[in-house]
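The values are calculated or read from the model by the stated rules, or taken from the named source; none is laboratory data. Since the model is a prediction, treat every value here as computed from it, not as a measurement. Protein only, heavy atoms only, side chains kept; ligands, DNA and RNA dropped before computing areas. Shrake-Rupley method; radii C 1.70, N 1.55, O 1.52, S 1.80 Å.
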Amino acid sequence: MTEESDLINLDSLLSAEERSLRNAVRSFVDGSIKPNIAGWYEDAAFPLEIVPEMARLGLLGMHLKGYGCAGRSAVEYGLAAAELEAGDSGLRTFVSLQGSLAMSAIYKHASEEQKQQWLPAMAAGGAIGCFGLTEPSAGSDPGSMKTFARRDGDDWVLNGSKRWIGLASVAQVAVIWAQTDDGVRGFVVPTGTAGFKATPI
């Protein structure tokens, strides 16, 4: 950002580390996203090939600590998101869905075994997650969800359908929200599980 275009003198409020991160993400956007985004859009293709590069920059679950996550501040996350948004809103959304929805839900609510299984892989870009809340008739209102989970011995059986779930067709793991006899619960569901089906709209 040149002095002429930084009308609010934002750089004066940032630390050297924050500016360094911002500049690294900006270089990535300029080199890997902007030259290719029109083609990806035209082909309706999600560029999976850039996910490892995002991971190397520490962008996946970047605000989380441990499990291979970068442990960055809210300011750094905001700066990274702004730079990604300048390249493409959909790719900024990918980083938010991966980190703030799927990874954060696992980080905050999953068992330690599930955290160890999924978070390092997701931070490294080796696994993509999705967040299955929204339903055709309920929208994003958990209280009106029709998806139901019932106990079957030591397992759970989930029945229902979700809609408009970003990344579902490319994800390896889904955080699926469902009604139970004890209220709404989240479930970590590998997308290879029998009965899981994601159809791109």
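Each residue of the stretch 120-130 was assigned a 3J(HN,Hα) from its phi angle through the Karplus expression (A = 6.51, B = -1.76, C = 1.60, θ = phi - 60°), giving x, 5, 5, 5, 7, x, x, 9, 10, x, 9 Hz with x at Gly and Pro. Secondary structure note: in the chain, about 75% of the DSSP beta bridges are antiparallel.
Among Lys34/Lys115; Lys146/Lys197; Lys115/Lys162, which pairs are too far apart, with a Cα-Cα distance over 27 Å? Distance filter (> 27 Å) returns Lys34/Lys115.
Per-residue accessible area (protein heavy atoms, 1.4 Å probe) orders Leu48, Leu57 as Leu48, Leu57, starting from the largest. Near the amide H of Val184, within less than 5 Å, lie no amide hydrogens of residues on another chain or at least 5 residues away, with H placed in the peptide plane. Out of every Cα-Cα pair that the chain contains, those further apart than 20 angstrom amount to 60 percent.
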